[in-house]
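The values are calculated or read from the model by the stated rules, or taken from the named source; none is laboratory data. Just so we're clear, the structure is a prediction, and the values are computed from it rather than from any experiment. Don't worry about glycine lacking a Cβ; one is built from the backbone with ideal geometry, like all the others, and counts go over all protein chains shown. Ligands, DNA and RNA are excluded from the accessible area calculation, which covers all protein heavy atoms including side chains. Shrake-Rupley method; radii C 1.70, N 1.55, O 1.52, S 1.80 Å.
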Amino acid sequence: MAKTMNVLLAGFGGQGILFAGKTIAYSALMDGKELSWLPSYGPEMRGGTCNCSVVVSDEPIGSPLVTAPDVLVAMNLPSLDKFVNAVVPGGTILVDSSMINKKVERTDVNVYYVDATKIADENNMHSCAIIILIGKMFKELGFCSKEALDAGIRKCIPAKKAAMLDLNLKALEIGQNS
Amino acid sequence: MAVVFEKPKALSDVPFHYCPGCTHGIVHRLVAEVIDELGVEGQTVGVASVGCSVFAYNYFNCDMVQAAHGRAPAVATGLKRALPDNVIFTYQGDGDLAAIGMAETVHAATRGENITVIFINNAIYGMTGGQMAPTSLPGQVTQTSPYGRDVKYAGYPIRVCELLSTLSGTALAQRVTVDSVKNVNIAKKAIKKGFENQINKRGYSIIEVVSTCPTNWGLSPQEAIKWLRENMLEYYPLGVYKDVTAEGGDK
Amino acid sequence: MAEKVLMKGNEALAEAAIQCGCKHYFGYPITPQTEVAAYMSKRLPKEGGVFLQAESEIAAVNMVLGATSAGVRAMTSSSSPGISLKSEGVSYIGGSDLPALIINVQRGGPGLGGIQPSQSDYWQATKALGHGDFQLFVLAPSTIQEMVDFVSLAYEVGEKYRVPAMILSDGMLGQMMEPVEFPTKKDGGAEKPWATNGHQNKRKKNIINSLYIQPEELENLIRERYQRYEQIKANEQRAEEFMMEDAEYVVVAFGASSRVSRSAVMQARAEGIKAGLIRPITLWPFPEKFIKKSIPNTKKYLCVEMNMGQMVDDVKLVVNGEREVGFFGRTGGVIPTPAEVLDQIRKMAGKEN
C-alpha cells in the first residue's frame, strides 16, 4: 500500500495550529504529493481547543480526518491527554515541553520534547513555537524535501509580510537544530 | 375619427378578474399609462405578488415574474441587480407587503434598492376571502376578527409610508387614493415620480394607494368609497411622507 | 494544465462559480458555509458582479429567483437550517422551471442541530426540498476538485433541462483544503430565450410563473416537467465504482462518508475481503443503473452515511429484496472512522475478529 502520513496537530486556538498544518500541506504540494488539510472548527476562535488533520500520501486520500495519527504535535496538556493513545504504535509524538509538564508513558512511540514556547519567547518569535516543532519533525522524519519545506512556508505567508517569513524560517532552523 | 380614449399599450387586451368597485383596475391603468408615457415597456419587468393582484402578470404587456407571498421585493432585487438599467416594479397588497413580506420590504427600502413599489392598501386579505390584514382598522370586522379588531389582542394597524419614510434608502414614500378624479390625477403623478426616481437611480420608491374591497368589506361600490373616505383616510392620511426630490417637502 | 493550488472547499466552490460566469450571489451567514459568502464578497465586486448579503435565507433565495429570471447565472449557499428556510423559494424556482444553483454545506440537525459535518439532509435534497411535485438535480462532491468541477456541471444540466440544481456538500468538504486545479474559463451558459429581461419591443412578453389555477393545466405542465425528469434519469446518472471488478461486499456511500468508506474498503482488501465501493455522484437522479449492474456479483450491500439511514432507502428500492442491504451511520456531526466501517465490512463478510 502507498506510503501515507497522518498528522494531527493540537493545542489552543491562537497557537498557530492551522497555520502549521498548512505549512506541512503546502510542503507536500511542492513535493507533488496528494494531501488533505482538515481543521476543527467551532465557536472558539481564540483560546479554545483547536486541532488540524493533515494527510500526506502518494495515493488519493480517503478519510481526511486523522483518528489514528502517525505523528501527533501536542501544544497543550488537554491535547496530549486526548490524543496520546490514538497514536499508532511506532508513531511519533512531538511535545511542547514548555506547555506540557508531563512525560508520555507509552513506550511504543517515539517522543520528542522541545521547549518550543520558551525558545520562541527567547528569540522574540512568540507565535512561532509550533513552527519550531515542525522544524524538529522535519529533522526526525524528513517528511518532505528541504526545498519543498522552504517553498511550502513561503506559500503560507503573504509576500507583504516578509518579516514574518524570516521569523518562521528561523524557527524552522532552530527546530531542526534542537 | 379622433381617438379620445384608448387602452394604454402597456395593458393587455384581456378583461380584469377584479370585483366591481375594486380599485385595482384603476391603479393597473395608471401604472400602464406611466409606462407608456415614459416609453419604457420594453425595458420593464414587473413583479406580481400573492393576493388579488396575483394575475397582474396577465394584465401588463411588459415581462412579468410572479413571486412568492411577500417576496416580491427580494425577487425585484435579484432582477434589478442583474438588470441595473431596466425598470423593475412590484405590485403588492397589504398582507403581502406589510405582514409576510415586511422583512423584505424594510430591507429593500433601507438598501435603497432602486425599484418602484405599488402598494395597494385595502385593509383586508382579499383573495383568501376577507381576513384581518396588518392594515385592518381598529374595530374592523373581518373573517378572522369577527368581533372587530381588538387592538389589545391583535395590535395596531401598520402605517407603512410613515414607517418606511424613516429609512435613509427610501427616495419616495407617498400615500394616495383613487376615490375621485382629483385624487386619481395625484396618484398618477406619484406613480410617475416613483418610476422616474428609478430611472434617475434615486433608490426605493413606494406609492401606497388606499383602496377599496367592496366584496370583503360587505359594501356596495359607492358605500365602499364612502367608508374609505370616512374611516381609512383618517387612519391613513394622504400625502408625501418622504421625497428626496423635494426640498423641505417632507411631511 | 493549470497549476494546482491549495484551497478550502467552500472557497474553491465559490471561485469555480465565478469562473462559470456566476456574477450574482445572494446569501446569509451560517456556519459552516460562511467562507462561500466571504469569498464572493471579496471577489465579485472586482469581477463586476454582485454580492448581496440578504436579510434572510428566504430573501436570498428569492433574489436568486429574480436574478435567474433575468437570465444570469446566480447562486446562493447555506447550511442545513438555512436550507429549510430556502425551501419555499426552491419550490417556486422548480415550479417556474428556473435553473438556479443552491449549495448546501450540511451540518447536523434537526432544528439548530450542530455545526459539525452531516449528511442528514439527503432526504430533503432528493425527495422534498419544498412543497409540490418537483425535483432538483443533486450532486454530491467528495473531493475539493469535485467541489470545483460540479459547479459547471450543475449549471449546465440545470440550464439544459431547466431545473434547479443543488450541490450537497458538508462541513468537512467545506472546511478542508486539498490541491485543486481550475478548468479553463467558460462562458455564461446556454441561451435563455425565456428570460424576463425586458422584451425591448422585439419579442412577445415573457412570464416567469408557478401559478396555474386550472387543475388540468397544472397537471399537464407537471407531466411535461416529469418527462424532462425522465430524460435526466436516463442521461445524467453518475457514480464512481471503486474496486468493483470482482467485489462481493459492496459499500454504497456518497460525499464525506465515501472517503471514509474508501479507506475502509482498501483495508478490507488488504485483509482479503472482496470489498468494493459504489459512490453515488448524482443523488437525484439516484444512480440506479450502477446499483442494478452490481447486483449479480454482490453478496451483500452496506450503506454508510452520516445520518440515521436515508440513502439506504434508495439502495433498497433498486436492490428490491434481491440482496441484503445493511446500514451503518454516525450522526449529529460525528464522522465515522475507517476502523468502524472496516468492522462493519468484516461483519458483512462474516469475518469478525
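Shown for the protein assembly as shown is the translational diffusion coefficient from the Stokes-Einstein equation, using the Kirkwood radius over Cα pairs, a temperature of 4 °C and a viscosity of 1.567 mPa s: 44 µm²/s.
Note on C:Ser263: accessible area is roughly 20 Å² with a 1.4 Å probe, heavy atoms of protein only.
Applying the criteria of a DSSP loop state and at most 11 other Cβ atoms within 10 Å to the GluC sites (Glu not before Pro) of region C:1-64 yields C:Glu3.
Take every DSSP beta bridge whose two residues both sit in the protein assembly as shown; close to 30 percent of them are antiparallel. Between C:Glu217 and C:Lys4, the FRET efficiency estimated from the beta carbon spacing at R0 = 56 angstrom works out to 0.60.
Across the accessible surface of the protein assembly as shown, with the other protein chains kept in place and a 1.4 Å probe, carbon and sulfur atoms take up 53 percent.
With q set to 0.12, 0.28 Å⁻¹, the log10 of I(q)/I(0) for region B:49-118, from the Debye formula over equal scatterers at the Cα positions, is -0.27, -1.36.
Remark on region C:78-234: ratio of C-alpha radius of gyration to 2.2 N^0.38 Å is 1.15. Accessible area per residue for the protein assembly as shown is 39 Å², calculated with a 1.4 Å probe on protein heavy atoms, without ligands, DNA or RNA. Only protein heavy atoms count here; under a 1.4 Å probe, C:Trp123 has an accessible surface of about 110 Å².
Note on chain B: semi-axes of the ellipsoid equivalent to its C-alpha gyration tensor, largest first and rounded to whole Å, are 26, 21, 18. Accessible surface for B:Tyr125 stands near 60 Å², nearest 10, in the context of the full protein assembly shown (1.4 Å probe).
Whole-Hz Karplus values for region C:95-103 come out as x, 9, 6, 9, x, 7, 10, 10, 10 Hz, taken residue by residue from phi with 6.51 cos²θ - 1.76 cosθ + 1.60 and θ = phi - 60°; glycine and proline positions read x. Computed over protein heavy atoms with a 1.4 angstrom probe, the accessible surface ordering of A:Trp37, B:Trp227, largest first, is B:Trp227, A:Trp37. Cut-off 10 angstrom, C-alpha nodes, Gaussian network model of chain C. Which of C:Ala190, C:Ala54, C:Ala74 fluctuates the most? Result: C:Ala190 has the largest fluctuation of those listed.
How much mean residue ellipticity at 222 nm does the protein assembly as shown get from its helices, if each DSSP H run of length 4 or more adds -39500 (n - 2.57) and you divide by all residues, to the nearest 500 deg cm²/dmol?
About -11000 deg cm²/dmol.
Take the accessible area of chain B alone and of chain C alone, subtract that of the pair, and you get about 2600 Å² summed over both chains, using a 1.4 Å probe.
Taking each of B:Lys80/C:Lys205; B:Lys7/C:Lys202; B:Lys192/C:Lys204; A:Lys146/C:Lys42; B:Lys7/C:Lys205; A:Lys33/A:Lys170 in turn, the alpha-carbon distance tops 23 angstrom for B:Lys192/C:Lys204; A:Lys146/C:Lys42; A:Lys33/A:Lys170.
With contacts taken as Cα pairs under 8 Å at a separation of at least 6 residues, chain A carries a relative contact order of 23 percent.
Seen from A:Leu80, the other residues with C-beta closer than 12 Å to its C-beta sum to a net charge of +1, counting Lys and Arg as +1 and Asp and Glu as -1. If you bin all the Cα-Cα distances of region C:224-318 at 5 Å, starting from zero, the percentages per bin are 3, 14, 24, 24, 18, 9, 5, 2, 1, 0, 0.
Across C:Tyr301, B:Tyr18, the residue with the most accessible area heads the list, and the full order at a 1.4 Å probe is B:Tyr18, C:Tyr301. Distance between the 7 Å Cα→Cβ label points at B:Lys7 and C:Asp343: 7.4 nm. Between A:Lys161 and A:Lys103, the modelled labels are 3.8 nm apart [label points 7 Å from Cα along Cα→Cβ].
The A-C contact accounts for approximately 1900 Å² of buried accessible area, totalled over both chains at a 1.4 Å probe radius.
If you count, for every residue in C:64-77, the Cβ atoms of partner chains within 10 Å of its Cβ, what is the mean? Before the final figure, lay out the partial values.
On the way: counts 3, 8, 18, 8, 5, 12, 12, 3, 5, 1, 3, 0, 1, 0.
Going residue by residue through C:64-77 and averaging, the value is 6.
Summing charges over neighbours of C:Ser169, with a neighbour being any other residue whose Cβ is under 11 Å away from its Cβ, gives -2 when K and R count +1 and D and E count -1.
Any idea what diffusion coefficient region A:4-177 gets from Stokes-Einstein, in µm²/s, Kirkwood Rh on alpha carbon pairs, 37 °C, 0.692 mPa s? Show your work: numbers first, answer last.
Working: Rh = 15.8 Å.
Using the Kirkwood radius from Cα pairs, D works out to 207 µm²/s.
Contact order, relative form, for region C:180-311: 25 percent (alpha carbon pairs under 8 Å, 6 or more residues apart, mean separation divided by residue count). Charge tally around A:Asp121: other residues with Cβ under 15 Å, Lys/Arg +1 each, Asp/Glu -1 each, net -1.
In what sequence, largest accessible area first, do C:Leu168, C:Leu221, C:Leu85 appear using a 1.4 Å probe?
Correct descending sequence by accessible area is C:Leu85, C:Leu221, C:Leu168.
For the residues C:Gln231, C:Gln19, C:Gln33, a GNM of chain C with alpha-carbon springs under 10 Å puts the largest fluctuation on C:Gln231. Taking 27 Å as the straight-line reach from the Cα of C:Lys316, the lysines in range (excluding those fewer than 8 positions away in the same chain) are C:Lys127, C:Lys233, C:Lys274, C:Lys289, C:Lys292, C:Lys293, C:Lys299, C:Lys300, C:Lys347, C:Lys351. Measuring r between the beta carbons of A:Glu59 and C:Gln227 and using R0 = 35 Å, the FRET efficiency lands at 0.20. When the Cα positions of B:Val176, B:Gly139, B:Trp217 are compared along the charge dipole of chain B, B:Gly139 comes out farthest toward the positive end, with charges on each C-beta of Lys, Arg, Asp and Glu. With bins 10 Å wide beginning at 0, the percent of Cα pairs of chain C falling in each bin runs 6, 25, 33, 23, 10, 3, 0, 0.
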